[in-house]
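To keep things clear, I will list the structure first and then write my remarks on it.
The values are calculated or read from the model by the stated rules, or taken from the named source; none is laboratory data. Bear in mind that the values here come from a model prediction, so they are computed numbers and not experimental data. So basically every Cβ, Gly included, is an ideal-geometry build from the backbone, and we count neighbours across all protein chains shown. Just the protein is used for accessible areas: all its heavy atoms, side chains included, with ligands, DNA and RNA removed. Shrake-Rupley method; radii C 1.70, N 1.55, O 1.52, S 1.80 Å.
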Amino acid sequence: MSIKLKVRSTFDYVQDLIEQFQSELRQCEYQVADFYKLPKIKKEDENRVENSITVTKLDGDEAHHNIVASYSNFFTKAELSSKKLPRFPGILVISKNHEQKITNYINEINKQKDNFKKLITEIPSPNTRFEIVHEAIPNLITLSFYRKIYFENRTPHSIRFTWMNKHSIKTLTFDEAISLLDNSATYGAQRNIDKEKWLAMVNLEKNNLINSNQKFKIRRPISVSPQINVRFSATDRYHIAAVLPFIFFDDLNRTKIGTLANYEKKADPRKRDSQYLVERLYIESLK
């Protein structure tokens, strides 16, 4: 069997499982259904830094409908960004009577998603990988398809939503950092009208690196992400990205369930005035 056929057949199997899972969820009576609609990100806005995000809360049957539908939302839409992936925070609380059947579906879906991801990531060339996936399954957003479905069947003290600011961090040697600046000196000068000023700026950045401890990291901010925090006690807790609705099996109604508030970026009081040695490339000292 060709790799393209394996990719397609694995995808079809997962999609079939998801459709069966969704059918089961539609028939389950629920105690709580909360869904938080986030603004859709258009292609022209995909590089914009999000300083605020307005959240629209849905509950009841409308939320239940959106929760169920979100598990199969992994295809591109013409007008929307495929770089900043859509996120679907929410929570569905259903009776433990449905636990076994629903968790069987979730575990198998997550297992087969892992198999699909392994098939893709074992293709050595990124270009070949892209061609195979998008010829086999046009318009698929692979990172959205990889997302696991999370659930909880214990009884936590609370389940709350919050926002988390994250950074992508990569360590650099001195030579690697200087090489980045050399590349930007070459290509940046080609794009700038005042080449002398651009090259002078790059030379100042090099001096910043030379005069530091010569151990560096790139600490690049990435999009703020909704999180779900599950707490049993002060020492027994965990959090996960709330990119798909969270499922909780419960009949006791003792767990405190929070809501996802609007996001407003706040200044970090711990942030140093001169955090970056090279601000435009997010290079700072590694301590």
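Annotations for the structure displayed:
- Selection within the range 24-55 - closer than 19 Å to LEU244 by Cβ, under 24 Å from the mean Cα position of the chain (by Cα) and open to solvent by 40 Å² or more (accessible area, probe 1.4 Å): LYS37, PRO39, LYS40
- Flag for ARG160 being open to solvent by 30 Å² or more (accessible area, probe 1.4 Å), touching a residue at least 40 places away in the same chain (Cβ under 8 Å), of a type outside the set (Phe, Trp, Tyr) and not in a loop (DSSP other than H, G, I, E, B): yes
- Breaking point among (1) touching a residue at least 24 places away in the same chain (Cβ under 8 Å); (2) surrounded by 17 or more Cβ atoms within 10 Å (Cβ to Cβ), for ARG129: (1)
- Among the residues of the range 210-252, the ones that are surrounded by fewer than 20 Cβ atoms within 10 Å (Cβ to Cβ), within 29 Å of ILE283 (Cα to Cα) and of a type outside the set (A, V, I, L, M, F, W, C) come to 13 in all.
- Residue match in the range 99-116 (condition: open to solvent by 10 Å² or more (accessible area, probe 1.4 Å), touching a residue at least 40 places away in the same chain (Cβ under 8 Å), in a helix (DSSP H, G or I) and over 30 Å from ARG254 (Cα atoms)): yes
- Within the range 67-85, considering residues that are surrounded by 12 or more Cβ atoms within 10 Å (Cβ to Cβ) and touching a Lys or Arg at 6+ places or on another chain (Cβ under 7 Å), the one farthest from MET164 (Cα to Cα): VAL68
- Of residues in the range 42-85 being among the charged types (D, E, K, R) and in a helix (DSSP H, G or I), the one farthest from THR142 (Cα to Cα): ASP61
- Residues of the range 132-151 satisfying the condition of being under 23 Å from the mean Cα position of the chain (by Cα) and open to solvent by 50 Å² or more (accessible area, probe 1.4 Å): HIS134, PRO138, ASN139, LEU143, LYS148, TYR150, PHE151
- Residue count, the range 24-41 (criterion: in a strand (DSSP E or B) and either in contact (Cβ under 8 Å) with a residue 40 or more places away in the chain or of a type in the set (Ser, Thr, Tyr) (or both)): 7
- Taken as a whole, the condition of being part of a loop (DSSP other than H, G, I, E, B), farther than 29 Å from LYS43 by Cβ and at pLDDT below 95 applies to PRO124.
- Extreme residue, most open to solvent (accessible area, probe 1.4 Å), among residues of the range 1-23 that are of a type in the set (Ser, Thr, Tyr) and assigned to a helix (DSSP H, G or I): TYR13
- Screening the range 165-241 for strands (runs of 3 or more DSSP E) wholly inside it with 2 or more residues that are over 24 Å from GLN275 (Cβ atoms) returns the ranges 225-231, 237-241.
- Among (1) open to solvent by 70 Å² or more (accessible area, probe 1.4 Å); (2) under 19 Å from the mean Cα position of the chain (by Cα); (3) in contact (Cβ under 8 Å) with a residue 24 or more places away in the chain - the single one ARG154 does not satisfy: (2)
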